[in-house]
């Protein structure tokens, strides 16, 4: 799942990655959760302001759902813009 949000002259791009890990027995593949990958660009620019950032729930665990990861990634992107680029 990928979404782009426009916020104060920046594009906040949020991609959600599934975290697959081996659990239990031999071939019991199970999805444990999701991580948000956030990229901040000037609006309309192709290059990011800095490298993409990967966010999980605290303390470094994956989010329970794609929606949780998506919203947390968007919130993190807005905080980055507010803290680093707002005057």
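The values are calculated or read from the model by the stated rules, or taken from the named source; none is laboratory data. Keep in mind that what you see is a predicted model, and the values were worked out from it rather than measured. FYI the Cβ positions are ideal-geometry reconstructions off the backbone, even for glycines, and counts take in every protein chain you see.
Given the criterion within 17 Å of residue 77 (Cβ to Cβ), assigned to a loop (DSSP other than H, G, I, E, B) and at pLDDT below 95, identify the matching residue among 25, 44.
Among 25, 44, only 44 is within 17 Å of residue 77 (Cβ to Cβ), assigned to a loop (DSSP other than H, G, I, E, B) and at pLDDT below 95.
Listed here are the residues, each with its yes/no results for (1) at pLDDT below 90; (2) outside any loop (DSSP other than H, G, I, E, B); (3) touching a helix residue (DSSP H, G or I) at 6+ places or on another chain (Cβ under 8 Å).
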{"residue": "3", "(1), (2), (3)": "no, yes, yes"}
{"residue": "6", "(1), (2), (3)": "no, yes, no"}
{"residue": "20", "(1), (2), (3)": "yes, yes, no"}
{"residue": "40", "(1), (2), (3)": "no, yes, yes"}
{"residue": "68", "(1), (2), (3)": "no, yes, no"}
{"residue": "77", "(1), (2), (3)": "no, yes, no"}
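Looking only at region 57-78, count every residue that is without any contact (Cβ under 8 Å) to a residue 24 or more places away in the chain and surrounded by 12 or more Cβ atoms within 10 Å (Cβ to Cβ) and tell me the total.
3
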